[in-house]
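Asker: Structure below; questions to follow.
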Amino acid sequence: MSLINTEIKPFKTTAFKDGEFVEISDADVKGKWAIFFFYPADFTFVCPTELGDLADHYEELQKLGVEVYSVSTDTHFVHKAWHDASETIGKINYYMLGDQNGSITNNFGVMREGQGLADRATFLVDPEGIIQVMEVTAEGIGRNASELMRKVKAAQYVAAHPGEVCPAKWEEGEKTLAPSLDLVGKI
């Protein structure tokens, strides 16, 4: 079942951010754009490459008004240990949410049945708490933060320009479309 255009469910958890443990809930997410970046586990293989790639784009995401929440079923303590032990993970400045009871992972429908691990999944949530983008990949397929950046910019553009849509491969500054009867069969 698609979660597109549905509101995120309530949650409360502890996160590791900027060397501290902080409480985060769904109320903290609303009012700004947010990325929920689910991954299977700390101290693994593909996960640090993705999290590091996302960390390299965090400053730009912040300029766009987007907060990032990485989520795995590890605890916030394990996130801190990984942050301290790995050069790649050490550059992360976004929230690393602990989800040891799996409530957030289950809320987003990306818990691997019988494994207690999150799927590799990304959700872009608008300031009203509504899911606008979702992507789920198989275990061995890493995500690309540059493509996520493009999707964030497209979602923000569409939200700010009702009646316009972004075509395939749209990049910021390029032409958009205004769906109408006149366009049917002409694209």
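The values are calculated or read from the model by the stated rules, or taken from the named source; none is laboratory data. Given the structure is predicted, the values throughout are model-derived calculations rather than measurements. Backbone-built Cβ (ideal geometry, glycine too); neighbour counts: all protein chains shown.
Asker: Of TYR69, TYR58, TYR94, which residue is closer than 20 Å to ARG150 by Cα, in contact with a Leu (Cβ under 6 Å, 6 or more places away or on another chain) and not hydrophobic (A, V, I, L, M, F, W, C)? Show your work before the answer.
Answerer: Working: TYR58 fails: in contact with a Leu (Cβ under 6 Å, 6 or more places away or on another chain); TYR94 fails: in contact with a Leu (Cβ under 6 Å, 6 or more places away or on another chain).
Only one candidate passes the filter, namely TYR69.
Asker: Still on this model: Mind telling me which of the residues GLY142, GLY129, GLY109, GLY114 ends up being surrounded by fewer than 12 Cβ atoms within 10 Å (Cβ to Cβ) and either touching a strand residue (DSSP E or B) at 6+ places or on another chain (Cβ under 8 Å) or under 28 Å from THR13 (Cα atoms) (or both)? Don't jump to the end; show me each part of the working.
Answerer: Values: GLY142 fails: surrounded by fewer than 12 Cβ atoms within 10 Å (Cβ to Cβ); GLY129 fails: surrounded by fewer than 12 Cβ atoms within 10 Å (Cβ to Cβ); GLY109 fails: surrounded by fewer than 12 Cβ atoms within 10 Å (Cβ to Cβ).
GLY114 is the lone residue from the list that is surrounded by fewer than 12 Cβ atoms within 10 Å (Cβ to Cβ) and either touching a strand residue (DSSP E or B) at 6+ places or on another chain (Cβ under 8 Å) or under 28 Å from THR13 (Cα atoms) (or both).
Asker: For the stretch 167-187, what are the residues that are surrounded by 13 or more Cβ atoms within 10 Å (Cβ to Cβ) and either of a type in the set (Ser, Thr, Tyr) or touching a residue at least 40 places away in the same chain (Cβ under 8 Å) (or both)?
Answerer: Within the stretch 167-187, just THR176 meets the criteria.
Asker: Taking the stretch 63-100 on its own, how many of its residues are surrounded by fewer than 19 Cβ atoms within 10 Å (Cβ to Cβ), out of contact with any strand residue (DSSP E or B) (no Cβ under 8 Å at 6 or more places or on another chain) and either in contact (Cβ under 8 Å) with a residue 24 or more places away in the chain or of a type in the set (A, V, I, L, M, F, W, C) (or both)?
Answerer: So the answer is 6.
Asker: Would you check if there is a residue in the stretch 62-77 being touching a Phe, Trp or Tyr at 6+ places or on another chain (Cβ under 6 Å) and of a type in the set (S, T, N, Q)?
Answerer: Taking every residue of the stretch 62-77 in turn, at least one turns out to be touching a Phe, Trp or Tyr at 6+ places or on another chain (Cβ under 6 Å) and of a type in the set (S, T, N, Q).
Asker: Next question, about the same structure. Of the residues that make up the stretch 126-143, is at least one assigned to a helix (DSSP H, G or I) and either at pLDDT 95 or above or over 18 Å from VAL68 (Cβ atoms) (or both)?
Answerer: Taking every residue of the stretch 126-143 in turn, none turns out to be assigned to a helix (DSSP H, G or I) and either at pLDDT 95 or above or over 18 Å from VAL68 (Cβ atoms) (or both).
Asker: Mind checking which residues of the stretch 145-166 are in a loop (DSSP other than H, G, I, E, B) and either surrounded by 13 or more Cβ atoms within 10 Å (Cβ to Cβ) or free of Cβ contacts under 8 Å to residues at least 12 places away in the same chain (or both)? First the steps, then the outcome.
Answerer: Within the stretch 145-166, the first condition is being in a loop (DSSP other than H, G, I, E, B), and the residues that meet it are 161-164, 166.
Correct list: PRO162, GLU164, CYS166.
Asker: Test each condition in (1) in contact (Cβ under 8 Å) with a residue 40 or more places away in the chain; (2) aliphatic (A, V, I, L, M); (3) out of contact with any Ser or Thr (no Cβ under 7 Å at 6 or more places or on another chain); (4) under 20 Å from PHE43 (Cα atoms) for ALA138 and report the one that comes out false.
Answerer: (1)
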